[in-house]
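Worksheet for the structure shown next.
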Amino acid sequence: MITRHEVEDTGRLSRVLVANGVAYLSGLTARDRTQGVREQTADILAQIDHYLAVAETDKSKVLTCNVWLKDIRTYDEMNTAWLEWVDKQKPPARATVEARLLTNGRLVEIQLQALV
């Protein structure tokens, strides 16, 4: 069975999809794109907490995480927010790369999967 949560009005994507005991979150960007990398990352992680709760799971069950940065030189700023958020006893596998993100001030995008 597949359960879709918070499907966009356009039908383009589900913010969270749960299938076979795994929650798949769509790539998330900050709501306030006037902030720096650390603040955008913290905002995205707060959104992730919300979507994990929607899927009835939490950050201790995150399996893998992909982080895209507009500029890899901001890795330490992103990682500061990440380290404040992540369950240090149960950290996920993670990859962080530089990528051309959509315009409009997007500096970070995060996507992950977690067990439910």
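The values are calculated or read from the model by the stated rules, or taken from the named source; none is laboratory data. Note that this is a predicted model, so its numbers are computed, not measured. Ligands, DNA and RNA are stripped out before the accessible areas are found, and what is left, the full protein with its side chains, is counted by its heavy atoms. Shrake-Rupley method; radii C 1.70, N 1.55, O 1.52, S 1.80 Å.
Within the accessible surface of the chain, defined with a 1.4 Å probe on protein heavy atoms only, the carbon and sulfur portion equals 49 percent. Within the listed set 12, 31, 106, the Gaussian network model of the chain (springs between alpha-carbon atoms below 10 Å) gives the highest mean-square fluctuation for 12.
Straightening the chain between residue 99 and residue 3 buys 31.6 nm, computed as 0.36 nm per residue apart minus the Cα-Cα spacing. If you line up the long axis of helix 75-85 against the longest principal axis of the chain, both from Cα atoms, how many degrees apart are they, to the nearest 10? In the chain, helix 75-85 runs at an angle near 40 degrees to the longest axis. Available extension along the chain between residue 90 and residue 10 is 25.2 nm, counting 0.36 nm per residue and deducting the alpha carbon span.
When Rg and Dmax are taken over the Cα atoms of the chain, they come to 13.8, 42 Å. Per residue, the solvent-accessible area of the chain (1.4 Å probe, heavy atoms of protein chains only, all protein chains present) comes to 58 Å². Inter-part distance, region 68-108 to region 1-67, computed on C-alpha centroids, equals 14 Å.
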